[in-house]
1. Let me check I have the definition right: for segment 3-94, take the eigenvalues of the Cα gyration tensor, multiply each by 5, take square roots. What are those semi-axes in whole Å, largest first?
2. For labels at K324 and R445 in the simple 7 Å Cα→Cβ model, what's the distance in nm?
3. Counting only DSSP beta bridges with both residues in the chain, tell me the antiparallel percent, nearest 5.
4. Hey, what did segment 182-269 get for relative contact order, percent, Cα under 8 Å, at least 6 apart?
5. Considering the convex hull of the alpha carbon atoms of the chain, report its projected area averaged over all viewing directions, in nm², one decimal.
6. How much length is gained if the chain between D67 and E394 is pulled fully straight, taking 0.36 nm per residue apart and subtracting their Cα-Cα distance, in nm to one decimal?
7. For K382, give me every one of the aspartates and glutamates with a C-alpha distance below 16 angstrom, ignoring sequence neighbours fewer than eight places off in its own chain.
8. Using Cα positions and a limit of under 23 Å, work out the lysines in reach of K61, with same-chain residues fewer than 8 apart set aside.
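A short reminder: the numbers here are calculations on the coordinates, not readings from a lab. All values derive from a computational prediction rather than experimental measurement. No Cβ is skipped: glycine too gets one built from the backbone with ideal geometry, and neighbour counts run over all protein chains shown.
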Amino acid sequence: MNFFSYLADVVNKELEQLSASGGLPEGLDLKNVSVEPPRDSSHGDVATNAAMVLAKQARMKPRDIADALAARLEDNADIETIEVAGPGFINMRLSPSFWHARLAEVLAGGAGYGTSDVGKGEKVNVEYVSANPTGPMHVGHARGAVVGDALARLLGKAGFDVTREYYINDAGSQIDVLAKSLHLRYREALGEDIGEIPEGLYPGDYLIPVGQKLAETMGDKWREAPESDWLEEFQVIAIDAMMEMIRTDLAALGIVFNVFSSERDLVKAGEVEKAIAQLDSLGLIYEGRLDPPKGKLPDDWEDREQTLFKSSEFGDDTDRPIKKFDGSWTYFASDISYHRNKFERGFKTQIDVWGADHGGYVKRMKAAVQAISGGEAALDVKLCNLVKLLRDGEQVKMSKRSGSFVTLREVVDEVGRDVVRFIMLTRRNDAPLDFDFNQVTEQSRDNPVFYVQYAHARTRSVLRNAAETIGSDVLGDISYPELAKTDCSGLTDPDELALIRLMASWPRTVETAAAAHEPHRIAFYLHEVASAFHSLWNKGKDDVSLRFIFEDDISLTRARLALIGGAASVIAGALDVMGVEALEELR
């Protein structure tokens, strides 16, 4: 259970009783009453803002409301102490028995602990990666892939019906360039000396095997043929080959999509025309001229009449072109049709994970979603900032495979899937991130992956050690469901209770992180839990009474093992949301 929500219900019931008894006016709106962690943990375990948010509508001083509410809450067995602070904040410290009951919930819940129904089955579309199918993915794509996948996992944990989607940008000039690059590699496979790769074509060696296969299956059929004869076929072959490579690389990172949508298919089906026609019927399309952009004018700037979408009516800085000079649709027009397609599939909540270089595109796309859905759908864009690869203090930039950047697969192959996934979530998605090969492979506290996985491995080691030292015939069944039945009243040390308090906050962490669409909060939470556990472990080295195993006190040992098991279960559950394995031991 989310104990903050539980205590908020307790507070609201007491407020209702106060109203019924005349201590407060009747009919107060309690929707803004909350129970949250206090800003300063020394003030207690939880705090409520009830008196502050009700004072105006009750026409009473906040302190008077707080005093009356605190008097009623004092009788609650779950609350050990209660204090009214400042103008009317109420700080509460909860009883050890309350925390012991939460530990039992953690153990009984197992892998399902923290699962919430707050999403109520609402359909959510999370679109991420969506790299152009023109070559292997780079490490920046890895960040977007992990953020998107972890967010999808998080939303699923919170009770949303999540669809993971990849949008294939398989229309446009870059696909022509890809096909031409493949044709060059095809000619090379037939024995032609192609020399240096011409400027404007893709130089990486990833197209070599595709060209070789084409030469084997088709011979020299397309060698001397005019471009118009082979271009479309080579586009399809190249896209299929690149998407197969992308799927394989993503699978190495533990990422699988539910849906792959094709821009080319949308264009061929006339979906762009339908979307623009809908906007036109709403009076949102017109022919007009745009003011020149501020500052230095782009080289391709033209002061001419264009077909424009009134995105400024929906919060954008200016209206946006939907047709190019040659009459073809802009990328923006295609993206409008794609998001309209998602809305028509029932997704009122749409989340796109993009690279930081798309920041200037956010407002227009949000405007389009609002317009095309009649305000029923909302788009949240998560921008992923740059990833800097470091080795021995130097930046790593180049890759033979890609020709210009380090690929996602190269990084995963070197350090492992779990390391890549965890590190990509150790910062907010919009903050720059340094990926230091030396740091992420060392076994130290400075390596956040090791620090958390070591905590889980340590907990499992304690449980194994207890079974071996005491024996299961004496110790009894120490599976998590059985440990949930343990009398934990012997857990009284402040650090023991602090660890339980952190475990018990996992359901709230899931709900708040899901509501904010911020999966990095899970990594932050895991670091807190690991730190609390390691601190308790170290404390036991100095204070014999806090050790985990006592051969002459089975009752206390089982209570401590319940604490250890709870920590292991929560860490494993949170790592699962991140898509990272909880290791049984580290070597």
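1. Values: eigenvalues 76, 37, 28 Å².
Ellipsoid semi-axes (Å, largest first): 20, 14, 12.
2. 5.7 nm
3. Working: 21 of 45 bridges.
Given both bridge residues lie in the chain, the antiparallel proportion sits at roughly 45 percent.
4. 29 percent
5. Numbers: hull surface 140.6 nm².
Mean orientational projected area (the chain, Cα hull): 35.2 nm².
6. Details: separation 327, 0.36 × 327 = 117.72 nm, distance 6.03 nm.
Gain in length upon complete extension: 111.7 nm.
7. Leaving aside aspartates and glutamates fewer than 8 places away in the same chain, those within reach of K382 are E127, D149, E165, D352, D357, D430, E518.
8. K13, K31
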